[in-house]
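This report refers to the structure that appears directly beneath it.
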Amino acid sequence: MTNIISLSAAELAEKLRAGEVTSVEAVNAYLARIAAVDDAEHGVHAFLHINAEEALAVAAEVDAICAAGGAEAEALHPLAGVPIAIKDLIVTKGQPTTAGSKMLDGWVSPYDATVIEKIRAAKLPMLGKTNLDEFAQGSSTEHSAFGNTRNPWDLSRIPGGSGGGSAAAVAAFEAPLALGTDTGGSIRQPGAVTGTVGAKPTYGAVSRYGAIAMASSLDQIGPVARTVLDSALLQELIGGHDPKDSTSLPEAVPALADAAREGASGDLAGVRVGVISELGGEGYEEGVKARFEESLELLKARGAEIVTVSCPNFKYALAAYYLIMPSEMSSNLAKFDGVRYGNRVLPEDGNVTIERVMGATRAAGFGDEVKRRIILGTYALSAGYYDAYYGSAQKVRTLIQRDFAAAFEQADVLISPTAPTVAFELGSKIDDPLAMYLNDIATIPANLAGVPGISIPGGLSEGLPVGIQFLAPAHEDARMYRVAAALEDSLVKQWGHPLLSEAQDLEQAVAAAKEGKN
């Protein structure tokens, strides 16, 4: 592993500005790493598309500006020249955007998402597009039409989902930063099982324009990174009001990086950290609970007051989510029919009508999990069942929002394990959807309420990462970053190094896998 790819995004940015390394060198180092470990059959398979030519061109532009100096160099964004990977649910002009589905295989977007416009303006070289569960529907990245992604810590295990590709790319040192989307935990849960930092901003704090919609009232684009500071820097870049997104918040981006720096360098005196009694206990692995208790002790040592809060309606969150999300998703995906959008498939018998083209297209273009959720959502929205299912789920959503409001009267931030287990083996839950859905039990409430959440590495259980989740009131992302950075600093001091440095030597593992299979 070269020194360049082991650097955090903030560290790499400092070296770029100091002239100790060039952006072209950084991009080439990451491209070499991708070539070495991202083999689709035997390796991580985090990427679906590599954008080498454009990434190197942007890197060369940044290097030229830095070499020339002057006002233009001083005006560069702090992350200019730092490579980034993009979840393949976010449209990117000139690059394929597949959403992990055969329905969009080969489609090249004619426009950029708002977050991509900001990435381009800040001159971050985009390394490529990362794998995901089809249309972001899954918790393991095993539902991609283009093959599953593997966890860099153990190639026989899942990297989480739906954004397992982005998390795995960062964990495998294939990118220092990535973008993901979080509908029920699709940034935070992959972060937990890959030992990365994943954040879901307050709903509306980052524009959703250009993210292929899954469930519009739940979806949120957010950062994937190695450190809390890196995550804060990236969220500051992509955040802000966007008139093209009707749900975008009309407010300024808070000083998230400053909050992270303050947390890492200071104490937590006067901060009340609420332990959610409903997010723990039965169903949570012993190693996960042990790392969680250790984190609480570190927070106490930092000066925080630990209190217990109850959110009684959280026990209904999973059921409510799996009615609201499929309902909105079935509506959003209705346009992919081979007539308006999506790759067209004609009936095999040649009897072509609009209805039969739609049927053939959706049968061939969508995978089993997408079809399962479309059926569930359409049923929940159908006449005679709307009030009983979708309407009732929305009432539960209101109760969950009230639980959060009451909890935040007692605590400044809330804490829980991010996921009840460490990464499970590939294939072990693919045929049991209900067991798969339980992986999101701790992350879903934040999406239902629109509050921000972040997962940071909390240690290892049987050699695999455990995630610790912080939640804050809506609009208080800075508070969340401050407390998360404080715990991260305490953990790193306890370990003596960042958790990611313990990841296996992937190049040897992938080479051995290739040799064994050939």
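Here, each number is a calculation from the coordinates, and none is a lab measurement. In this text, all values refer to a predicted model and were calculated from it rather than measured experimentally. Glycine gets a Cβ as well: all are built from the backbone with ideal geometry, and neighbour counts include every protein chain shown.
Along the charge dipole of the stretch 361-518, Cβ charges K/R +1 and D/E -1, which of Pro420, Gly367, Leu500 sits furthest on the positive end? So the residue furthest toward the plus end is Gly367.
With charges set only on the Cβ (+1 for Lys and Arg, -1 for Asp and Glu), what does the dipole of the stretch 330-449 come to about its Cα centre, in debye to the nearest 20?
On the way: 12 positive and 14 negative charges, 86 e Å.
That gives a dipole near 420 debye.
Relative to the Cα centre, the charge distribution of the stretch 9-165, modelled as +1 at Lys and Arg Cβ and -1 at Asp and Glu Cβ, gives a dipole magnitude of about 240 debye. Report summary: the helix-based calculation at 222 nm, which adds -39500 (n - 2.57) for every DSSP H run with n ≥ 4 and divides by the residues of the chain, gives -12500 deg cm²/dmol.
What are the equivalent ellipsoid semi-axes of the stretch 182-235, built from the alpha-carbon gyration tensor (square roots of five times its eigenvalues), in whole angstrom, biggest first? Present the calculation step by step, with values, prior to reporting the outcome.
On the way: eigenvalues 74, 34, 12 Å².
They are 19, 13, 8 Å, listed from largest to smallest.
Placing +1 on the Cβ of every Lys and Arg and -1 on the Cβ of every Asp and Glu, with no other charges, gives the chain a dipole of roughly 960 debye about its Cα centre. The aspartates and glutamates whose alpha-carbon is closer than 17 Å to the alpha-carbon of Lys129, local same-chain residues fewer than 8 away aside, are Asp38, Asp39, Glu53, Glu54, Asp88, Asp105, Asp112, Glu117, Glu142, Glu174, Asp182.
Could you rank the peptides 191-201, 223-233, 427-437 by their average count of other C-beta atoms within 10 Å per residue, with the highest value first?
Working: 191-201: 32.6, 223-233: 28.6, 427-437: 14.5.
Descending packing order for the listed peptides: 191-201, 223-233, 427-437.
Counting only DSSP beta bridges whose two residues both lie in the chain, roughly 65 percent are antiparallel. Here the stretch 134-253 is treated as a Stokes sphere of Kirkwood radius computed over C-alpha pairs; at 20 °C and 1.002 mPa s its diffusion coefficient rounds to 151 µm²/s.
So what's Rg/Rh here for the stretch 148-200, counting alpha carbon atoms and using the Kirkwood radius for Rh? Could you put the intermediate results ahead of the total?
Working: Rg = 9.4 Å, Rh = 10.3 Å.
Rounded to two decimals, Rg over Rh is 0.91.
Each other residue within a Cβ distance under 11 Å of Gly184 adds +1 if Lys or Arg and -1 if Asp or Glu, for a net charge of -1. As a ratio to 2.2 N^0.38 Å, the alpha-carbon radius of gyration computed for the stretch 387-443 takes the value 1.52.
If I stretch the segment between Ile354 and Thr308 completely, what's the gain in nm (0.36 nm per residue apart, minus their alpha carbon distance), one decimal?
Details: separation 46, 0.36 × 46 = 16.56 nm, distance 5.73 nm.
Value of the extension gain: 10.8 nm.
Regarding the stretch 381-518, what is the average projected area of its C-alpha convex hull, in nm²? Could you put the intermediate results ahead of the total?
On the way: hull surface 51.0 nm².
About 12.8 nm², averaged over all directions.
Think of the chain as a dipole: +1 on every Lys or Arg Cβ, -1 on every Asp or Glu Cβ, centred on the Cα centre; then among Val307, Pro110, Ala32, Pro110 lies furthest on the positive end.
Shown here are the Rg and Dmax of the Cα trace of the stretch 345-389, at 13.7, 41 Å.
Could you list, in their original order, any pairs among Lys244/Lys335; Lys300/Lys395; Lys118/Lys395; Lys15/Lys493; Lys93/Lys244 whose Cα atoms are separated by more than 27 Å?
On the way: Lys244/Lys335 20 Å; Lys300/Lys395 36 Å; Lys118/Lys395 37 Å; Lys15/Lys493 23 Å; Lys93/Lys244 17 Å.
As for pairs spanning more than 27 Å Cα to Cα, those are Lys300/Lys395; Lys118/Lys395.
Here Kirkwood radius over Cα pairs in Å was computed from the coordinates, and among (1) 22.8; (2) 25.1; (3) 26.5 the match is (1).
Under the classification rounded if a/c is under 1.5, otherwise prolate if a/b is larger than b/c and oblate if not, where does the stretch 307-447 fall, given a ≥ b ≥ c as square roots of the Cα gyration tensor eigenvalues? Prolate is the answer for the stretch 307-447, as a/c is 1.5 or above and a/b outweighs b/c.
Quick one: check the C-alpha center-to-center distance for the stretch 411-442 versus the stretch 82-100, whole angstrom. Computed from Cα coordinates, the inter-centre distance equals 26 Å. Given Leu448, Ala9, Leu132, which one lies farthest toward the positive end of the charge dipole of the chain, if we put +1 on the Cβ of every Lys and Arg and -1 on the Cβ of every Asp and Glu? Of the options given, the answer is Leu448. Computed over all pairs of different Cα atoms, the Kirkwood value for the hydrodynamic radius of the stretch 1-138 is 15.7 Å.
Pairs of Cα atoms nearer than 8 Å and 6+ residues apart set the relative contact order; for the chain it is 17 percent.
Among the chymotrypsin sites (Phe, Trp or Tyr not before Pro) in the stretch 378-412, those located in a DSSP loop and surrounded by at most 15 other Cβ atoms within 10 Å of their own Cβ are Tyr385, Tyr386.
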